[in-house]
Amino acid sequence: MADGPHSDRAALARGQLEQLRSLVAELFPANGFYRRKLGAAGVTFDVASLADFSRRFPLTTKAELVADQQAFPPYGTNLTYPLNCYTRCHQTSGTSGVPLRWLDTPENWDWLVENWTETYRAAGVTAADRVYFAFSFGPFIGFWLAFEAAGRLGAMCLPGGGLGTPARLRGILELGATVLCCTPTYALRLAEVAAAEHLDLRSGQLRTVIVAGEPGGSVPTTRARFAALWPGARFFDHHGMTEVGPVTFECPARPGVLHVLESAYYAEIIPPAGTQPIAPGETGELILTTLGRTGSPLLRYRTGDLVRAEVRPDPAVPCACGRHDLALLGGILGRTDDMVVVRGVNVYPAAVEATLRAESDLAEYRVTVATVQAMAELRLELEARPECADPAALAERIRQAFLTQFALRVPVTLVPAGALPRFEMKARRWTRAD
């Protein structure tokens, strides 16, 4: 990477500006999307400084990218090179709208894989490890990047695609996997099935679980649940997007804090309804510019992820892990499009997850958002774990927790064991009745 973990902030900023200038110069006039977008905004293509870039260049939104791909199917015009230069095609999950297709050149793919290896390095993964991938390999970029990055490190790669949960569990134990990659939800599901199948997770060699795709990996109550279900394993959070690639990794010294890989991304944090950066310590939307993905770049992309940057009294002093990269407290706090206003209270799914996972007797849940007399209301379905001695008491505790945490009285319904869906990919626990 351009800057190692012990770079100082000034060197990091110089490297970002150099890469940014090269990126912008590469885009014009070849990239049709940004040629039209920046031309319409009257933006000249010189970049005097990082602050100049943030001030003059417009934000890029997912809606613009979707419209571009619909107008110029199937890939849109955010392509800097001829189509025959691209060798990789992936797409977004579509959990927050229309899926986007994304192309990469071999050089850009190499950049992405190297970015993912930084997550492994931060998690302490080495060539001596055996990494198990507990998911089916589909069109989503994270699967393939995680797999190839582990191979680049020299680790043994153990694919679990096409297998059921019991078979994956046996593979983790029998093959001596030391590292597991999956979503936070699926880590909970694996432990649930292990108990039902009478498989002792302590009999394996697993020491690290890298989770991504959902905010649960940095939620303290969910992390505590992981620790109870997977004895001896450290859970390590990571976050990325198909449109931008692998972005953050958990601080090795401070669980619950994510570092942005700033040698690869220029990051800003702005108000959800604003355009210019806010002060550290305030919650805002993460904006990313991909410094090395020249074939399908993004300039000042609105990720929709809500984050809060750490305030450092002395920017020259690195984090306890030795890094100077931007630190996000609490990881991804939520998404700008996920918030629900219920009787004047702003409710984020991550906050609900934190409240519910404090209950060790809870197996699964589902939240329904309904409109009653033009107002949003929440309804909650709970599934207790089989060993829960008093499900009714669990439901009452959760009712009281919602009243205490959110000042909301939420109807709670207990459902039979196995009634709620389980998820291998990103969980979809929130539904709408209207």
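The values are calculated or read from the model by the stated rules, or taken from the named source; none is laboratory data. Everything numeric in this text was worked out from a predicted model, so none of it was measured. Quick reminder, even Gly has a Cβ in these numbers, built from the backbone with ideal geometry, and neighbours come from all protein chains shown.
For Asn346, the conditions (1) free of Cβ contacts under 8 Å to residues at least 12 places away in the same chain; (2) assigned to a helix (DSSP H, G or I) all hold with the exception of (2).
When segment 112-155 is filtered for residues that are β-branched (Val, Ile, Thr) and assigned to a helix (DSSP H, G or I), the ones remaining, listed by number, are Val113, Thr117, Thr119, Ile141.
Cβ-Cβ below 6 Å, separation at least six or inter-chain, first residue in segment 59-81 and buried (at least 17 other Cβ atoms within 10 Å of the Cβ) and at pLDDT 95 or above, second among the aromatic types (Phe, Trp, Tyr) and outside any helix (DSSP H, G or I): which pairs? Filtered contacts from segment 59-81: Thr60/Tyr301. Surrounded by fewer than 23 Cβ atoms within 10 Å (Cβ to Cβ) and either without any contact (Cβ under 8 Å) to a residue 24 or more places away in the chain or in the same structural domain as Thr165 (by TED's automatic domain parsing) (or both): is that true of His198 in this structure? Spelling it out, His198 is indeed surrounded by fewer than 23 Cβ atoms within 10 Å (Cβ to Cβ) and either without any contact (Cβ under 8 Å) to a residue 24 or more places away in the chain or in the same structural domain as Thr165 (by TED's automatic domain parsing) (or both).
Screening Glu383, Glu359 for residues that are touching a Lys or Arg at 6+ places or on another chain (Cβ under 7 Å), surrounded by 13 or more Cβ atoms within 10 Å (Cβ to Cβ) and modelled with pLDDT of 90 or more leaves exactly one candidate, Glu359.
Yes or no: Thr294 at pLDDT 90 or above and under 12 Å from the mean Cα position of the chain (by Cα)? It is false that Thr294 is at pLDDT 90 or above and under 12 Å from the mean Cα position of the chain (by Cα). Basic (Lys, Arg), within 30 Å of Val260 (Cβ to Cβ) and in contact with a Gly (Cβ under 7 Å, 6 or more places away or on another chain): is that true of Arg335 in this structure? Yes, satisfied. Suppose we keep only residues that are over 18 Å from Thr303 (Cα atoms) and among the hydroxyl-bearing types (Ser, Thr, Tyr) within segment 31-64. Which one would you say is nearest to the chain's Cα centre (by Cα)? It comes out as Ser49.
Among the residues of segment 170-183, those identified as part of a helix (DSSP H, G or I), under 24 Å from Thr126 (Cβ atoms) and either in contact with a strand residue (DSSP E or B) (Cβ under 7 Å, 6 or more places away or on another chain) or touching a residue at least 24 places away in the same chain (Cβ under 8 Å) (or both) are Gly171, Ile172, Leu173.
For segment 212-258, the set of residues classified as farther than 15 Å from Gly292 by Cα, part of a strand (DSSP E or B) and touching a His at 6+ places or on another chain (Cβ under 9 Å) consists of Thr248, Phe249, Glu250, Leu258, listed by residue number. Return yes or no: is Thr431 part of a strand (DSSP E or B), surrounded by fewer than 16 Cβ atoms within 10 Å (Cβ to Cβ), modelled with pLDDT of 90 or more and not small (Gly, Ala, Ser)? No: the conditions fail for Thr431.
When Phe402 is tested against the conditions (1) touching a strand residue (DSSP E or B) at 6+ places or on another chain (Cβ under 6 Å); (2) crowded, with 18+ Cβ neighbours inside 10 Å, the lone failure is (1).
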